[in-house]
Amino acid sequence: MTQNADTLIIGGREFTSRLMVGTGKYASFEQTAKALEISGAQIITVAVRRVNLDRSKESLLDYIDLKKYTLLPNTAGCYTADDAVRTCRLAREAGMSDFVKLEVLGDEKTLFPDNEELLKAAKILIAEGFTVLPYCSDDVIVCKKLEDIGCAAVMPLGAPIGSGLGIRNPYNIRIILENVSVPVIVDAGVGSASDAAIAMELGCAGVLMNTAIAGAQDPIAMAEAMKLAVIAGRLSYKAGRIPRKLYANASSPLDGMIG
Amino acid sequence: MKILLNGEFVETAEGATVASLLQQLDISRERVAVELNADIIPKAHYEKQPLCDGDKIEIVHFVGGG
């Protein structure tokens with residue numbers, strides 16, 4: 001099976017799915033669990049927050065089979081390296097895993113990364129043995145620096161978080177792909193299945209999304225669409241597309257036309 | 001004695017430990033992390049980690065997120 005051999009390796013772990021899915025913004029935990037299952041994702045992101053002291057609310061993890069997924073705790077909402085590092089340490093203690101999606105935000109309106117704080121936090125975390133997957137700008141210089149300090153992947157945005165604008169920066173993503181060796185995963189920006197396919201056709205190792213699925217009118221159907229789009233985009237990339245030409249090139253033979 | 005737990009003042013018994021606090025709150029230790037005065041307490045130390053009046057404690061877990 002060609003598809004099965006085409007695995008994604010991050011931080012020494014092997015994955016067959018190249019779609020990573022967030023667990024926020026769903027209507028219910030049942031819907032979250034169903035969407036995750038249909039998506040085929042093996043890596044799912046979670047956030048780290050205070051527990052409810054009244055215990056009246058159920059927990060997400062009550063609905064998720066932890067044997068099936070690699071949890072990727074995020075540092076969403078952190079605006080400084082210190083806060084992000086603190087959150088990662090708590091995540092490791094809670095989840096007993098070294099995987100973290102590191103995000104250090106610079107601005108509430110754009111949710112664009114603060115790359116300076118991101119690099120600072122990544123250095124500390126890598127020294128402490130974390131497997132760091134950083135959400136970063138679509139900037140090859142930043143991506144190279146993140147790779148150089150030991151990040152297990154780089155995760156440039158395709159468009160602002162939750163915007164659904166699609167892959168607005170295919171040339172920047174291509175430049176990143178040509179210049180870093182770690183997996184490049186587009187994180188943020190995807191709105192529809194075609195966006196996911198475009199990211200994969202560029203040669204990205206994977207796509208991470210949340211709102212595009214959770215915010216769809218039918219999240220379960222969109223989870224399936226995304227699964228298929230990521231597979232299709234990956235196969236299309238590997239198959240090698242035809243060159244673009246300005247003029248037509250007939251598909252049917254010109255010989256043997258009736259007289 | 002009073003402790004500051006997740007931003008709220010909570011009354012807890014003298015001699016309480018991290019383990020007894022979690023039990024009092026009916027919180028399973030497997031899926032949480034505990035920070036005591038900004039230091040993470042490893043799960044193996046919950047039984048022997050005493051709490052003092054005025055301690056600042058954070059108990060966190062995983063929630064849905066992107």
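The values are calculated or read from the model by the stated rules, or taken from the named source; none is laboratory data. This structure is a prediction, so every number in the text was calculated from the model and none was measured. Counting neighbours? That spans all protein chains shown, and the Cβs are built from the backbone with ideal geometry, glycine included. We work out accessible area using only protein heavy atoms, side chains counted, and drop any ligands, DNA or RNA first. Shrake-Rupley method; radii C 1.70, N 1.55, O 1.52, S 1.80 Å.
Check which residues have an amide H placed less than 5 Å from A:I43's amide H, if you skip close sequence neighbours.
Hits under the 5 Å cutoff: A:V21, A:T70.
Report the label-to-label distance for A:L246 and B:K48 in nanometres (one decimal), using points 7 Å from each Cα along the Cα→Cβ vector.
Reported label-point gap for A:L246 and B:K48 is 7.9 nm.
Quick check on chain B: of the DSSP beta bridges with both residues there, what percent are antiparallel, nearest 5%?
Working: 12 of 14 bridges.
Of those bridges, close to 85 percent are antiparallel.
Do me a favour and compute the ellipsoid semi-axes for segment A:107-228 from its Cα gyration tensor, root of five times each eigenvalue, largest one first, whole Å. Before the final figure, lay out each step's value.
Working: eigenvalues 124, 46, 35 Å².
Those come to 25, 15, 13 Å.
Check the straight Cα-Cα distances from A:K144 and name the aspartates and glutamates below 14 Å, setting aside those fewer than 8 residues away within the same chain.
A:E116, A:E178
Expressed as an acute angle from 0 to 90° and rounded to the nearest 10, what is the orientation of the C-alpha long axis of helix A:170-179 relative to the principal long axis of chain A?
Relative to chain A, helix A:170-179 is tipped by roughly 80 degrees.
Report, to the nearest 10°, how far helix A:115-127 tilts away from the longest principal axis of the Cα atoms in chain A, using its own Cα long axis and a range of 0 to 90°.
70
Modelled label-to-label distance, A:F112 and A:Y237, 7 Å Cα→beta-carbon offset: nm?
It works out to 2.5 nm between the two label points.
Among DSSP beta bridges lying fully in the protein assembly as shown, give the percent that are antiparallel, nearest 5.
Close to 50 percent.
Take every residue in peptide B:20-26, count the Cβ atoms of other chains within 10 Å of its Cβ, and give the average of those counts.
On the way: counts 0, 0, 1, 0, 0, 5, 3.
Taking the mean over all residues of the peptide, I get 1.
Pick out, from B:G64, B:L51, B:N37, the residue whose Cα sits farthest towards the positive end of the charge dipole of chain B, with +1 on the Cβ of Lys and Arg and -1 on the Cβ of Asp and Glu.
B:G64
What FRET efficiency comes out for B:E30 versus A:I220 if R0 is 35 angstrom and r is the Cβ-Cβ distance? Round to the nearest 0.05. Numbers along the way, then the final one.
Details: r = 29 Å, r/R0 = 0.83.
The pair B:E30/A:I220 has a calculated efficiency of 0.75.
Hey, can you grab everything whose amide H is under 5 Å from the amide H of A:L102? Only 5+ residues off in sequence or another chain; H modelled, so Pro and N-termini drop out.
Residues meeting the criterion, in which the H sits 1.01 Å from N, are A:L133, A:Y135.
Compute the long axis of helix A:219-239 from its Cα atoms, compare it with the longest principal axis of the Cα atoms of chain A, and write down the angle in degrees, 0 to 90, nearest 10.
50
Report, to two decimal places, the Cα Rg of the protein assembly as shown normalised by 2.2 N^0.38 Å (N = number of residues).
Numbers: Rg = 22.6 Å, N = 325, 2.2 N^0.38 = 19.8 Å.
Against the compact-globule rule of thumb, the ratio is 1.14.
Taking all protein chains in place and a 1.4 Å probe, what share, in percent, of the accessible surface of segment A:52-163 do carbon and sulfur account for? Walk me through the intermediate numbers first.
Details: 2290 of 4810 Å².
The computed percentage sits at 48.
Mind checking which lysines have their Cα closer than 24 Å to the Cα of A:K67? Skip sequence neighbours fewer than 8 apart in that chain.
Here the lysines satisfying the reach criterion relative to A:K67 are A:K25, A:K34, A:K57, A:K101, A:K227, B:K43.
Can you list the equivalent-ellipsoid semi-axes of chain B, largest first and in whole Å, using the square root of 5 times each Cα gyration tensor eigenvalue? List each step's numbers first, then the result.
On the way: eigenvalues 72, 37, 24 Å².
So the equivalent ellipsoid measures 19, 14, 11 Å along its semi-axes.
If packing is taken as the average count of other Cβ atoms within 10 Å, what order do B:51-57, A:72-78, A:253-259 fall into, highest mean first? Don't jump to the answer; show the numbers that get you there.
On the way: B:51-57: 14.4, A:72-78: 23.9, A:253-259: 5.1.
With the highest mean Cβ count within 10 Å placed first, the list reads A:72-78, B:51-57, A:253-259.
Between A:N52 and A:I149, what's the calculated FRET efficiency when r is the beta-carbon distance and R0 is 41 Å? Round to 0.05. Each step should come with its number before you reach the end.
Numbers: r = 37 Å, r/R0 = 0.90.
Plugging the Cβ-Cβ distance into 1/(1 + (r/R0)^6) gives 0.65.
Round to the nearest 10 and report in Å² the accessible area of A:S28, as given by a 1.4 Å probe over the protein chains' heavy atoms.
Approximately 40 Å² of A:S28 is accessible to the 1.4 Å probe.
Just the accessible area per residue of chain A, please: how many Å² with a 1.4 Å probe? Intermediate values should be presented prior to the final figure.
On the way: 12750 Å² over 259 residues.
Ligands and nucleic acids excluded, the result is 49 Å² per residue.
Over what distance in Å are the Cα centres of segment A:9-36 and segment B:30-61 separated?
Their Cα centres are 29 Å away from one another.
Could you give each residue of segment A:182-195 its phi-based ³J(HN,Hα) in whole Hz, using Karplus coefficients 6.51, -1.76, 1.60 with θ = phi - 60°, and x for Gly or Pro?
6, x, 9, 10, 6, 10, 5, x, 5, x, 9, 4, 5, 4
At 0.36 nm per residue, and after removing the present C-alpha to C-alpha distance, how many nm does the segment from A:D65 to A:D83 gain when stretched out fully? Mind showing how you got there, number by number?
Values: separation 18, 0.36 × 18 = 6.48 nm, distance 2.89 nm.
Computed gain between A:D65 and A:D83 is 3.6 nm.
Chain pair B, A: how much accessible area is buried, both chains summed, with a 1.4 Å probe, in Å² to 100?
On the way: alone 4610 and 13980 Å², together 16050 Å².
Between B and A, the summed buried area is about 2500 Å².
Please work out the C-alpha center-to-center distance from segment A:146-188 to segment A:192-259 and express it in whole Å.
19
Determine the calculated [θ] at 222 nm for the protein assembly as shown from helices alone, applying -39500 (n - 2.57) to every DSSP H run no shorter than 4 residues and normalising by the residue count; nearest 500 deg cm²/dmol. Provide the component values of the computation, followed by the final result.
Details: 10 runs with 104 residues, N = 325.
Result for the protein assembly as shown: -9500 deg cm²/dmol, rounded to the nearest 500.
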